[in-house]
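Chemist: Take a look at the following structure, please.
The values are calculated or read from the model by the stated rules, or taken from the named source; none is laboratory data. Treat the numbers as computed from the prediction; the structure is a model and nothing was measured. Neighbour counts are summed over all protein chains in view; Cβ atoms, including those assigned to glycine, are modelled from backbone coordinates with ideal geometry.
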């Protein structure tokens with residue numbers, strides 16, 4: 001608890017912050033990292049009716065991109081499916097995801113996403129975003145991109161290509177969760193490039 005110092009200003013608190021302990025064995029490496037090569041960027045404009053997952057993965061596959069960090073910079077969502085973290089009912093994990101929520105007619109405020117691959121090489125997108133409902137209420141969470149569809153205003157996405165990096169989905173012993181883990185690979189792209197692409201993968 002902060003103590004109020006003379007003059008009404010709270011005195012600094014030196015209490016130990018809350019510590020969260022994951023259920024598995026503690027990993028020796030606390031931060032796995034691989035340096036990306038090049039400075040290639042792609043700007044995408046996803047039109048109305050586009051499934052967010054298909055629009056992103058198909059456009060980036062056509063550009064030869066397998067790993068990327070993405071900034072979602074606004075637009076409309078005709079439908080967005082998302083979920084929030086909750087305590088694990090079975091007590092086996094630090095947290096898990098709750099039941100999916102579906103919001104229709106939302107305005108995308110901002111978001112971030114990561115592109116990688118699963119163990120079969122299929123594209124995987126991990127996305128968090130905030131958005132406003134029709135009444136202006138702000139919501140957000142983990143976005144289920146295969147069940148999210150672009151609305152009237154196109155969704156603009158700035159893609160930073162992670163050249164020389166493969167992000168592969170794998171089981172993490174400490175958290176007991178599947179995570180995207182970085183691996184170094186050869187890269188042929190080592191230049192700056194900005195491309196404007198309009199994706200045409202539409203939700204059917």
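Chemist: Take the conditions at pLDDT 95 or above and under 27 Å from residue 25 (Cα atoms) and apply them to residue 84. Does it pass?
Modeler: Yes, satisfied.
Chemist: Residues of the stretch 29-49 being in contact with a helix residue (DSSP H, G or I) (Cβ under 9 Å, 6 or more places away or on another chain) and outside any loop (DSSP other than H, G, I, E, B), which ones?
Modeler: 42, 44, 46
Chemist: Any idea which of 69, 78, 59 is at pLDDT 95 or above, within 30 Å of residue 132 (Cβ to Cβ), more than 19 Å from the chain's Cα centre (by Cα) and outside any loop (DSSP other than H, G, I, E, B)?
Modeler: Working: 69 fails: more than 19 Å from the chain's Cα centre (by Cα); 59 fails: more than 19 Å from the chain's Cα centre (by Cα).
When all the criteria are applied, what remains is 78.
Chemist: In the stretch 72-109, how many are free of Cβ contacts under 8 Å to residues at least 60 places away in the same chain, in contact with a strand residue (DSSP E or B) (Cβ under 6 Å, 6 or more places away or on another chain) and on the phi > 0 side of the Ramachandran plot?
Modeler: Going through the stretch 72-109 one residue at a time, the tally reaches 0.
Chemist: Right, something else. Is there a residue being loosely packed, with under 15 Cβ neighbours inside 10 Å, under 18 Å from residue 47 (Cβ atoms) and over 12 Å from the mean Cα position of the chain (by Cα) anywhere in the stretch 141-149?
Modeler: yes
Chemist: A further question follows. Tell me whether the stretch 108-130 contains one or more residues that are within 15 Å of residue 148 (Cβ to Cβ), assigned to a loop (DSSP other than H, G, I, E, B) and under 18 Å from the mean Cα position of the chain (by Cα).
Modeler: no
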